[in-house]
Amino acid sequence: MGIVAIVGRPNVGKSTLFNRMVGQRKAIVDETAGVTRDRHYGKCEWCGNIFSVIDTGGYTTNSDDVFENEIRKQVLAAIDEADVILFMCDVATGITDYDMSIAKILRRCDKPVILAVNKVDTGAKIYGTYEFARLGLGDPISIASASGGGTGDLMDRIVEELKKSQRLSDNNQELN
């Protein structure tokens, strides 16, 4: 069974998407940054495929949050543990310095990264999604985690990447 880590800066909708993926309200969703500090784990099923999903706190640097270093350690641990990384951004704010920092880390990791741009809840906002291709992590997927818009396409992509990752893992075990 594969593991997907949801990462991104604070308040991009990571916990909202996590709750949607696991089918219950396991993660606290709040407008206040820093509410999620630890990794939260859940199981997700999509079209007969079951995998684990990890919700993480918002990745920041040089903030006023006294837990910033610990949250960052938890995010990096989730990235290390995962088979596929789901990097969430927010279309309403555009690309931020935090997004750029996270993208730099993810471009160096040797794992598949899926770029999801959240809060695309109207047709006009979809055009803002394409700006995120500048992060160098492939074509972004537009979603609205609160309403579920675009999440089916996202889940299809996650399963596709997990299957590729699993095939690679299986092939590597056969070589040993």
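Observations
- Across region 130-171, the number of residues qualifying as at pLDDT 95 or above, open to solvent by less than 50 Å² (accessible area, probe 1.4 Å) and in a helix (DSSP H, G or I) comes to 11.
- Strands (runs of 3 or more DSSP E) contained entirely in region 39-121, each with at least 3 residues that are over 22 Å from residue 138 (Cα atoms): 40-46, 49-55
- Residue check for residue 83: in contact with a His (Cβ under 6 Å, 6 or more places away or on another chain), modelled with pLDDT of 90 or more and surrounded by 16 or more Cβ atoms within 10 Å (Cβ to Cβ): no
The values are calculated or read from the model by the stated rules, or taken from the named source; none is laboratory data. As the structure is a computational prediction, the values presented were derived from the model and not from experiment. Don't worry about glycine lacking a Cβ; one is built from the backbone with ideal geometry, like all the others, and counts go over all protein chains shown. Surface accessibility is based on the protein's heavy atoms, side chains included, excluding ligands, DNA and RNA. Shrake-Rupley method; radii C 1.70, N 1.55, O 1.52, S 1.80 Å.
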